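Everything below concerns the one structure shown next.
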Number of protein chains: 4
Amino acid sequence: MAKTMKAAIFVENGRIVLDEKPIPDIAPTDALVRITTTTICGTDVHILKGEYPVANGLTIGHEPVGIIEKLGSGVTGFEEGQRVVVGAITPSGWSNACLCGCGAQDGAGTKHGWKPYGGWKFGNTIDGSQAEYLRVPDAMANLAAIPDQITDEQVLMCPDIMSTGFSGAERGGVQIGDIVAVFAQGPIGLCATAGAKLMGATKIIAVESVPARIEMAKRLGADVVVDFKAEDPVEAIMRITDGRGVDVAIEALGVQSTFEAGLRILRPGGTLSSLGVYSSDLKIPLDAFASGLGDTTIRTTLCPGGKERMRRMLEVVASGRVDLSGLVTHRFKLDQIEDAYDLFANQRDGVLKVAITP
Amino acid sequence: MAKTMKAAIFVENGRIVLDEKPIPDIAPTDALVRITTTTICGTDVHILKGEYPVANGLTIGHEPVGIIEKLGSGVTGFEEGQRVVVGAITPSGWSNACLCGCGAQDGAGTKHGWKPYGGWKFGNTIDGSQAEYLRVPDAMANLAAIPDQITDEQVLMCPDIMSTGFSGAERGGVQIGDIVAVFAQGPIGLCATAGAKLMGATKIIAVESVPARIEMAKRLGADVVVDFKAEDPVEAIMRITDGRGVDVAIEALGVQSTFEAGLRILRPGGTLSSLGVYSSDLKIPLDAFASGLGDTTIRTTLCPGGKERMRRMLEVVASGRVDLSGLVTHRFKLDQIEDAYDLFANQRDGVLKVAITP
Amino acid sequence: MAKTMKAAIFVENGRIVLDEKPIPDIAPTDALVRITTTTICGTDVHILKGEYPVANGLTIGHEPVGIIEKLGSGVTGFEEGQRVVVGAITPSGWSNACLCGCGAQDGAGTKHGWKPYGGWKFGNTIDGSQAEYLRVPDAMANLAAIPDQITDEQVLMCPDIMSTGFSGAERGGVQIGDIVAVFAQGPIGLCATAGAKLMGATKIIAVESVPARIEMAKRLGADVVVDFKAEDPVEAIMRITDGRGVDVAIEALGVQSTFEAGLRILRPGGTLSSLGVYSSDLKIPLDAFASGLGDTTIRTTLCPGGKERMRRMLEVVASGRVDLSGLVTHRFKLDQIEDAYDLFANQRDGVLKVAITP
Amino acid sequence: MAKTMKAAIFVENGRIVLDEKPIPDIAPTDALVRITTTTICGTDVHILKGEYPVANGLTIGHEPVGIIEKLGSGVTGFEEGQRVVVGAITPSGWSNACLCGCGAQDGAGTKHGWKPYGGWKFGNTIDGSQAEYLRVPDAMANLAAIPDQITDEQVLMCPDIMSTGFSGAERGGVQIGDIVAVFAQGPIGLCATAGAKLMGATKIIAVESVPARIEMAKRLGADVVVDFKAEDPVEAIMRITDGRGVDVAIEALGVQSTFEAGLRILRPGGTLSSLGVYSSDLKIPLDAFASGLGDTTIRTTLCPGGKERMRRMLEVVASGRVDLSGLVTHRFKLDQIEDAYDLFANQRDGVLKVAITP
């Protein structure tokens, strides 16, 4: 086995480049995974642009599909050569946060065991998946075997896109017969739409303006699509719901306008389930908050991870309940990843997600 | 029986006066209650000051204790002469909101059955309890008989103060072993402190600066009190929790500074349970929100009402689990209610709650 | 308007006959509904056989679709001539049980406000829907308007079959990615299957032996069907789940063998959600209960009712998420209801549900 | 350091003896704890009597308090010499069950990651705590540091008695204002009583006949005690609740009579929270189950474990919210453990719990 590998590395604001790096060493509780397919996330673009700071030299990427190359000496229950998917979030399993069922806020190694989005390690605090090899920490909590009949591309949305998108519906508490609005139909928003349908929402209103995304939203469960460039989404949703408002609003963009619109269209007692990564302060308008008397819930959620979560995502794929096959619109070799970033960051050519294969 | 009664009436901003009014007629599903004890709420002071608009001529007050004078022809299960307490919020029982268990957002009579804080009727959309007589709508859902051995004053906190304060802990999801901070120790905040203790919080940090309230907070369950005039409460709470933060923060004032502080001291995955009535837009600082990645929950709650809620509050009083006897600091006859407003609105003489007896 | 009507009346064990009865009077909070379509439930057959006692002379039936003939003087929000569906369970809205969100155990008029399955009134404690006219108590909590584009037959499953069946999945806490087994695929079990799918179960195992029901189960969401006449269902399900067991088992028959099998196939920490009406004591085998150490939940559920529940069921029908059109296999005029009972009670001719039209 | 240690070993039915054993070796993720205080559980007596089978030669005991003697090479966050408590249940943190928040059913090492009460390892599937030294698996998930000011005896109830007892109230969903009955006031039942009080129950009815236990029950929160030798507990509880029944019944004995009585006294929609370890099949009488129509929940719970659970139990002790100091009635050196078993197994001399110190 070679000693070095190719990896997409953050160099400075505006530059992620493919370079050579040593293949990672692994500790007894780790696994080394040879990446077979990975992808680029909107968050990676934030990193590229310098909007989210990471260390210079860090390998980017948190959506790994691959083959176990090597297992740490303490890892049991898996075999080298096994095909696996690993969540974007890799809970240790043993921190206080994890033992509370909140692995995304994993504070492994901190004094009290909680750390804000501490479960997000790949391409954030440790090297990520846009490389030939990936070190997976706490492997026994994080490796999920892929059934043979499922392709890499079919599971490529599991680590982040599906898990995050579905969690928008789950943490919103969607119930049978709910009316749900989903703001923005990028990959995460599309999976929020699919998740709302999967949980029994009977009227799903998607807010989007890009035709390809609108079409995909309809395929995945949107009953109505509001084009926010053609009409005010708050007015449109209140009209569509005949003045009632929605039970659950899911925010999947991360800006003030969608956050605020989500509040404005809630029926009293409703829930705004926020998935977006914000980059500035937010305002809650008094009238959109019923002065604090509306029994409103606002809830943010980071992608749930760990092997049990991945197992469930794989079950969804295997069952055919949700068909995300159209989400991968472009394919690149790892050697071309800089081109892939260029395409994806500029949202050219109707791109939804790219597949990167080393 | 006389045809008129005395009532505290909102006349214009700055003026609530005692005047004569017809004793209310009742419909078949109503009850007429002769008020024996009532009180003034901070919300009534907002009304007085014109910060919360109500119709000119409306009788104010939403915390009734009294005796059933007359029952509507369709009301069964109660008797004239029975001593009762009625919640500040009077759910109809039959609206869609009520049938979802969300009576505070009761939209009885609206198209879809939901209305923002529509369950709050007394002294808001119909005549209230600061009068000799009170019409109680949907009486079968709202009258709660008071056991003989309990005095009027002992139950005077049930309609709003206890029900709201406890709901701060309930909707925060307080669990055994939680660390909870409660911002402001007015009557509602004091009951939030008591509620957090009642649900098993083991470290309760109260934020307050008025000595009498600090003392009462300690009696009701606060383990530590932070005087926000002496030190920054965020710094103090982070020090007290050794940098961990709290599981649940309860906001019981209704201003930006406490709302924001509540967010800043949450551990990842924590809940800000907001009880305050706000009068301006709110800001969520990006860093207090973990950019939307912190699995944070923000939840507002309006006082739960209805006879079953009141029954539970009465059980708490009867059991002696919480002793709120010190909360009534001043007593007035209804004739003196304008003096009572003057004292209470200006927070003079260490007033916590006043008892008004017609 | 005539003074009498035809109604299917329980006379004695083994005899439900069509007879003349006075058209019901209504109280101020009632509505009178002219039945346009109704049906026969398995529970009605229990009544017919004397296995569930009701008063002699009672009109049977609890699944009403019809037109508002007359509204009580106190009923607002509805109009005479409106087409409505009413739940099998008719919560008062104002009892303590209802105010706890537990309308099926409505104890309206009892001392404490709780009564075992007290929400089930039609064809149990008051006259039911197998008649030309039906008195609906607490009309404002129970009438649900039917959108024009939906036919009577499309909503005929809402009052009981859908509401009960879906509740099997809801009270089982089905989550995205769950494995669920449903025992028996009669109308209720079929809707439990549909409900499990609607909530995101990704592997649904239906247990049934009648070919027409097996076929319908597959249409409604069953991924696998176990024919209990061909193999032991416990063995089959453990084989299908590769020894893991299911997250949720739904019992939809009401006998020891399915109750017990449901326990035996649960993974540790799983939930047995029981919908069946039992007619004898049940046994929990020690080994199927992990000696009480398995974090097991057993939960029974009576059909949720009330207009908000019906609204949600109507939304499911209108959305097309679940297509129950094949469930009505036979149609009868009210005049032929004795024949309908004969067919249905003897499960002849592949009957699933009958539609009865006065 | 010596190579051998004293340990209480199961030899055959009826015989647990103190013998010499090698001090355990530890793996990289383990810790070795020098026991300073431990105790005997009712479950250990089941083992002694052969009612619960364990391997010959196994060291018994699952309630460890001690000092870290040695940490595995992969364990961080703790120090040798630190005083710790470890839960009776030691979740791995990484199994599918653990990642679902169900560590008591930890299936670490099994195919699907679930195993009935697989989280209970000490004195069941691996050597336990009635010894001079104890190997703690998955140490980072299971060691909980004890604050200096708390004594060993004060925390001795944390590993099992408090955690299990409190879980009876937690899994019963006790709310503010609930009426709760607790069947049997042994150590677990006493902590269930304390837990119900801690969660806000306002009427707690304890069922017990031993005077010392009755007295302790009253100290810990019982408002009423029913002596089942003096009167039928079902009749008594229905009388005490004026015919209403209880919201939550907690079973803390593990026999048919208390299980059945728990069902009989539930209000409709109530929850039977079962803690007992049963040794025979159970019967659910039809009339105690409302024929399956009562919206009843029956739930069993195994002691929750892991360091975060222990941290919460320590918080309860440190806060003084619950004072369990009277529970240790007798003290023995490890050398005298056979005498301790004799006393405890025969429930002589008013014994509640014994403290064993090596």
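The values are calculated or read from the model by the stated rules, or taken from the named source; none is laboratory data. For clarity, every value in this text was computed on a predicted model and none was experimentally measured. Counting neighbours? That spans all protein chains shown, and the Cβs are built from the backbone with ideal geometry, glycine included. What goes into the accessible areas is simple: the full protein's heavy atoms, side chains included, and nothing from ligands, DNA or RNA. Shrake-Rupley method; radii C 1.70, N 1.55, O 1.52, S 1.80 Å.
Across the stretch D:53-60, computed HN-Hα scalar couplings (Karplus, 6.51 cos²θ - 1.76 cosθ + 1.60, θ = phi - 60°) run x, 10, 5, 4, x, 6, 7, 8 Hz from first to last residue, x flagging Gly and Pro. For chain A, the 222 nm mean residue ellipticity estimated from helices alone, with every DSSP H stretch of n ≥ 4 adding -39500 (n - 2.57) and the total spread over all residues, rounds to -7000 deg cm²/dmol. Residues whose amide H falls under 5 Å from that of B:VAL246, counting only those 5 or more places apart or on a different chain, are B:LEU266, B:ARG267, with hydrogens built in the peptide plane. Computed from the Cβ-Cβ distance with R0 of 51 Å, the FRET efficiency linking C:ASP19 to C:ALA230 stands at 0.70.
Hydrodynamic estimate: the Kirkwood radius of the stretch C:161-300 over Cα pairs, inserted into Stokes-Einstein at 25 °C and 0.890 mPa s, corresponds to D of 172 µm²/s. Rg of the Cα atoms in the protein assembly as shown, relative to 2.2 N^0.38 Å, amounts to 0.91. Scanning chain D for the beta carbon that comes closest to the axis linking it by rotation to B yields D:MET199, 3, distance in whole angstrom. Within the accessible area of the protein assembly as shown, what % is carbon and sulfur when the probe is 1.4 Å and the other protein chains stay in place? Accessible surface attributable to carbon and sulfur in the protein assembly as shown totals 48 percent. All alpha carbon pair distances within chain C were sorted into 20 Å bins beginning at 0; the resulting P(r) in whole percents reads 31, 58, 11, 0. Other residues within the sphere of radius under 10 Å centred on the Cβ of D:ASP30, judged by their own Cβ, net out at 0 (K and R +1, D and E -1). Each part gets one Cα centre, and for the stretch C:266-317 versus the stretch D:210-268 those centres are 25 Å apart. Between copies, the label points at A:LYS49 (set 7 angstrom from Cα along Cα-to-Cβ) are spaced 4.2, 6.8, 7.0 nm, reported in nanometres from shortest to longest.
Sorted from closest to farthest, the other copies place their C:ASN346 label points 7.0, 7.8, 9.0 nm away, with each point set 7 Å from Cα along Cα→Cβ. D:LEU253 contributes an accessible area of around 90 Å² to the protein surface, as traced by a 1.4 Å probe with all chains present. On a per residue basis, the stretch C:161-300 carries 28 Å² of accessible surface, using protein heavy atoms and a 1.4 Å probe. Comparing Cα centroids, the stretch A:84-150 and the stretch C:1-42 end up 63 angstrom apart. For C:LYS333 and A:GLN149, a Förster radius of 45 Å and the Cβ-Cβ distance give a FRET efficiency of 0.30, rounded to the nearest 0.05.
Rolling a 1.4 Å probe over the protein heavy atoms leaves C:MET238 with an accessible area of roughly 50 Å².
Panel note: contact residues of the stretch C:166-184 (accessible area lowered by at least 50 Å² against the chain on its own; 1.4 Å probe) correspond to C:ILE176. Cβ-Cβ distance of B:SER279 and B:LYS111, R₀ of 30 Å, FRET efficiency by 1/(1 + (r/R0)^6): the value works out to about 0.55. Using a probe of 1.4 Å, the accessible surface attributed to C:TRP114 totals some 20 Å² when neighbouring protein chains are kept in position. Amide H to amide H, with H built 1.01 Å from N, B:ILE89 comes under 5 Å of B:GLY306, counting only residues 5 or more places away or on other chains. Pairs C:LYS203/C:LYS229; A:LYS70/D:LYS111; B:LYS121/B:LYS333; D:LYS49/D:LYS115; B:LYS307/D:LYS203; B:LYS70/C:LYS3: which exceed 29 Å Cα-Cα? Over 29 Å apart, Cα to Cα: B:LYS70/C:LYS3. Close amide H pairs (under 5 Å, H built 1.01 Å from N) link B:LEU272 with B:ALA249, B:THR297, B:ILE298, B:ARG299, residues at least 5 positions away or on another chain.
Against the criterion of solvent-accessible heavy-atom surface with a 1.4 angstrom probe, A:ASP247, C:ASP323, D:ASP138 sort, most first, into C:ASP323, D:ASP138, A:ASP247. Backbone N atoms of the stretch D:314-358 closer than 20 Å to the 7 Å Cα→Cβ label point of D:VAL11 belong to residues D:333-346.
Sorting C:SER274, C:SER280 by solvent-accessible area of protein heavy atoms yields C:SER280, C:SER274, largest first, with a 1.4 Å probe. Position A:GLU80: other-copy label points at 3.3, 8.6, 9.2 nm, ordered by increasing distance, label point 7 Å along Cα→C-beta. Here the Karplus curve 6.51 cos²θ - 1.76 cosθ + 1.60, taken at θ = phi - 60°, turns the phi angles of the stretch C:350-358 into couplings of x, 5, 10, 9, 10, 9, 10, 10, x Hz, with x standing for Gly and Pro. Computed on chain A, with alpha-carbon pairs under 8 angstrom and 6+ residues apart, the relative contact order is 17 percent.
From the Cα gyration tensor of the stretch B:205-273, with a ≥ b ≥ c the square roots of its eigenvalues, which class applies: rounded if a/c is under 1.5, or else prolate if a/b is larger than b/c, or else oblate? Prolate shape, in that a/c is at least 1.5 and a/b is the bigger ratio. Pairing chain B with chain D buries about 2000 Å² of accessible area. This figure sums both sides and uses a 1.4 Å probe.
Taken one residue at a time, the phi angles of the stretch B:67-78 give Karplus couplings (6.51, -1.76, 1.60, θ = phi - 60°) of 10, 5, 8, 7, 10, x, 5, x, 8, 10, x, 9 Hz. Gly and Pro are set to x. Legend: mean number of C-beta atoms from other chains within 10 angstrom of residue C-beta atoms, peptide C:296-306, equals 6.
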